[in-house]
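Bear in mind these aren't lab numbers, they're just calculated from the coordinates by the rules spelled out. Just so we're clear, the structure is a prediction, and the values are computed from it rather than from any experiment.
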Amino acid sequence: MNDRTKRTVPFLLAIAGYLIGVAGLRTLASPTAVTALRLCYAGNGAVFLGLSRPWKISVHASGVIGPATALGSALGIPGALFGALVVPVARARTRLGAHSWGRSRSARFSRPP
């Protein structure tokens, strides 16, 4: 979505969806790590909502880095290798003119703790 002023509603809906997912996972007594990861996505959504008005950051690249960090935490190096996919995602977003290289690279800092 190129018009940053129109991103608020989609971000709020995504955050609400993540929080509903957290409630559902808690109800189903899912593993704490799964519930915590969903909560991290809600937090990332809130951060991106705040950042997306003044600055266009790559949510696509962040969508690769978040799961890569979780897989790296759970599976070690084999899981973390998934993070290499951020390179073609960032390159594609840059080639499409959707982001500068710096905006795509900055998403790597949005991973869950």
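Straightening the chain between Leu12 and Ala92 buys 26.2 nm, computed as 0.36 nm per residue apart minus the Cα-Cα spacing. Rounded to the nearest whole Hz, the Karplus-based 3J(HN,Hα) values (6.51 cos²θ - 1.76 cosθ + 1.60, θ = phi - 60°) of the range 77-84 follow the sequence 4, x, x, 5, 4, 4, x, 4, with x at glycine and proline.
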